[in-house]
Amino acid sequence: MTHSKSPSSETVTASPPRANSAPGQILTTAQMRDAEAALYESGVEEWTLMQRAGHGAADWIARASAGNLVTILCGPGNNGGDGYVAAAALKARGVPVRVVAPIEPKTEQAKRAAATFDGEVLDHAAGSHGAVFVDALFGIGLARPVSDDLRRLLTDLRASHSLAVALDVPSGVDADTGACPDDLPSYDLTLSFGAWKPAHFTGDALAKLGVVRLVDIDVPDCGGNLRLSEPARLAAPDFATHKYRRGLVAVVGGAMPGASLMTARACALAGAGYVKWMSDHDHPGHPPDLVKDDAPLDDALGDDRISAIVIGPGLGREDDAQARLEAVLAAGKPAVLDADALNLLTPALLESCDAPILLTPHEGELARLCEAFEVDGETKRERASALAKATGCAVLAKGADTLLAVGEDLRFFTPATRWLSVAGSGDVLAGIAAARLAVTGDLVQAACEAVHLHGRAARIVGAGFTATMLAEAVHPALGQML
Ligand SMILES: NC(=O)C1=CN([C@@H]2O[C@H](COP(=O)(O)OP(=O)(O)OC[C@H]3O[C@@H](n4cnc5c(N)ncnc54)[C@H](OP(=O)(O)O)[C@@H]3O)[C@@H](O)[C@H]2O)[C@@H](O)CC1
Ligand SMILES: Nc1ncnc2c1ncn2[C@@H]1O[C@H](COP(=O)(O)OP(=O)(O)O)[C@@H](O)[C@H]1O
Ligand SMILES: [K+]
């Protein structure tokens, strides 16, 4: 069936550029609904928000289409409403556009939006092809799994268009977790409305979103506990500084000294003033500019000038390793615990330690720690948060969707290059984090700066690198971030 609607009296205005009021804000569906309710209470109309969303989307879609045919798949709710508003705005700009609407609009705003579009509306997608496919089927209101028929429709429309754009989230994605069906099509661009959603930075859907961009609709900062960590400029050493003030880091090695050497190298290149390698083992790769402290570990760690310690890479799991971890925790200094230090960590070991501690587990280490501290969660975000609360530590849960949990707060990151998935890459990150902890004295800032430096170093070094190459690239990365 094809029909054209008669134009309604609603006017479609061009969208002015908007400056975002809270660019790093991430809201869950429940928080978004609360924010929305507060806006309505303050006198903002639902329709106004939908206009902002639809027009903001149309700006992106118009550019992507370069004047070629756009197909917008509109669902029954307000996500579909945004789609109709975008369709009307595109048509008003002279962009050829048609709507596919397998389900009639149900919400008041979606019906009103549909009435503003006087172009072609189809209830099927047979033979549909064009330049840009826009998915406005379901957004944050996804209430149950998408039916096979609708999933097929999404896949077919994706396949018959050169580019695919998702409004808010691709249909079928759980906005709070990023969980999605296996056969979710891939998008080139995902436009989030008003605030980011967790799914834009975590979960399986990440691989399918393409470029993600925020469309501002004037949602104020709600003071929520989820944030996107955006790279900020790092501070250069100040005038009166010296090597100790700039941060003395103790890198505590173990049975496999090569790994801690790499950690020490990254640490030195990430801005620490002085790095001491505390290792009972020698290594032929020991560089001349790295000081090795041969004193017994307890004594070496007693140096008051130490501002951060890192332990874990190459530590091993033998008795000696446990003793070394105990010495680090007893030193009462800010510390980064990685790799085997995480495998050895228990509630009893942490009991008497009240120094700021950063844990940097990958997925497997996170699972073991959750078991050891008797906490759990369905998603990585929940597990990291539960562990942060149980330990009192900051938890940097690494992987394709790295996130930082501290108390009730969560920081998310834009995904780094997948080339980082190479052995030893975490050892490098631990060294960078220790340097930033020594320099800033702040766990959250240090962890965030470390993730950004690590990601940037990886971009600089390119494809197919080794961890040693990555550690060397921390140097130009630091230079770029000053
Ligand atoms: N929040 C804001 O500030 C703003 C939000 N905005 C936009 O609104 C979007 C949220 O809109 P929304 O709440 O109407 O939900 P939406 O995603 O359209 O889906 C709900 C509809 O789909 C249906 N349905 C659900 N699952 C289904 C399934 N598997 N299979 C079949 N049907 C299913 C469900 O049906 P029901 O469960 O009621 O039967 C209901 O009809 C948001 O993502 C953003 O784009 C902007 O306009 C600007 C301001
Ligand atoms: N698919 C991926 N995309 C982006 N970064 C990744 C990916 N896989 C792993 N990483 C990053 O690479 C590093 C690997 O750390 P880790 O697993 O501890 O490695 P190792 O123990 O070998 O040093 C982490 O910083 C992690 O976030
Ligand atoms: K959508």
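Using a probe of 1.4 angstrom and keeping all protein chains present, the accessible surface of segment 274-353 works out to 45 square angstrom per residue. For the pair segment 147-188 / segment 384-421, the C-alpha centres are spaced 27 Å from each other. Look at where the Cα atoms of segment 423-466 and of segment 278-330 average out, and the two centres are 20 Å apart. Within the shell of other residues whose beta carbon sits under 12 angstrom from the beta carbon of Ala136, the net charge comes to -3, with Lys and Arg scored +1 and Asp and Glu -1. Normalised radius of gyration (Cα atoms, divided by 2.2 N^0.38 Å) for the chain: 1.12.
Within a straight-line Cα-Cα reach of under 27 Å, Lys292 can be paired with the following lysines, leaving aside sequence neighbours fewer than 8 residues apart in one chain: Lys243, Lys276, Lys333.
Within segment 39-121, the GluC sites (Glu not before Pro) that combine a DSSP coil assignment with at most 13 other C-beta atoms in a 10 angstrom radius are Glu45. Distance between the 7 Å Cα→Cβ label points at Arg93 and Ala143: 3.3 nm. For the chain, give the percent of accessible area contributed by carbon and sulfur heavy atoms, probe 1.4 Å, rounded to a whole number. Accessible surface attributable to carbon and sulfur in the chain totals 51 percent.
Here's the picture: charge each Lys and Arg Cβ at +1 and each Asp and Glu Cβ at -1 in the chain, and of Ile140, Ser65, Ala35 the one pushed furthest to the positive end of that dipole is Ser65.
Between beta-carbons, use under 13 Å as the cut-off and find the net charge around Ala473, counting Lys and Arg +1, Asp and Glu -1.
Numbers: positive: Arg265, Arg456, Arg459; negative: Glu472.
Charge balance near Ala473 sits at +2.
Test of understanding: what is the full-extension gain from Thr241 to His124, defined as 0.36 nm times their sequence separation minus their Cα-Cα distance? Before the final figure, lay out the partial values.
Values: separation 117, 0.36 × 117 = 42.12 nm, distance 6.88 nm.
Going from the current span to full extension adds 35.2 nm.
The share of C-alpha pairs in segment 253-329 whose separation exceeds 15 Å stands at 52 percent. Over all distinct Cα-Cα pairs of segment 307-383, the Kirkwood formula returns a hydrodynamic radius of 12.7 Å. With everything on Cα atoms, drop me the angle between helix 78-92 and the longest principal axis of the chain, reported from 0 to 90° to the nearest 10. Its long axis makes an angle of about 60 degrees.
Between the listed residues Ala89, Pro257, Ala207, the Cα displaced farthest toward the positive end of the dipole of the chain, a dipole computed from Cβ unit charges relative to the Cα centre, is found at Ala89.
Solvent-accessible area per residue in segment 364-482 equals 39 Å², computed with a 1.4 angstrom probe and all protein chains kept.
Efficiency by 1/(1 + (r/R0)^6): what FRET value for Asp182 and Ala66, r their Cβ-Cβ distance, R0 = 41 Å, to the nearest 0.05? Walk me through the numbers before you get to the answer.
Working: r = 32 Å, r/R0 = 0.79.
Using R0 = 41 Å, I get an efficiency of 0.80.
Placing a label point 7 Å from the Cα of Ala323 along the Cα-to-Cβ direction, the residues of segment 261-305 whose backbone N falls under 16 Å from that point are 279-281, 294-301. About its Cα centre, the dipole of segment 100-232 is roughly 80 debye, where the only charges are +1 on Lys and Arg Cβ and -1 on Asp and Glu Cβ.
Out of Tyr187, Leu150, Pro170, whose Cα points farthest toward the positive end of the dipole of segment 127-234 (charges: +1 Lys, Arg; -1 Asp, Glu; placed on Cβ)? Value computed over the given set: Tyr187. Its Cα centre serving as origin, the chain has a Cβ charge dipole (Lys and Arg +1, Asp and Glu -1) of approximately 1580 debye. Averaged over its residues, segment 71-210 has an accessible area of 34 Å² per residue, based on protein heavy atoms and a 1.4 Å probe. Its DSSP H runs of at least 4 residues, each contributing -39,500 (n - 2.57), put the calculated 222 nm mean residue ellipticity of the chain at -11500 deg cm²/dmol, to the nearest 500.
The values are calculated or read from the model by the stated rules, or taken from the named source; none is laboratory data. This one's a predicted model, so the numbers in the text were calculated from it and none came from an experiment. Cβ: placed from backbone, ideal geometry, glycine included. Neighbour counts: every protein chain shown. Please note that ligands, DNA and RNA were not included when accessible areas were found on the heavy atoms of the full protein model with its side chains. Shrake-Rupley method; radii C 1.70, N 1.55, O 1.52, S 1.80 Å.
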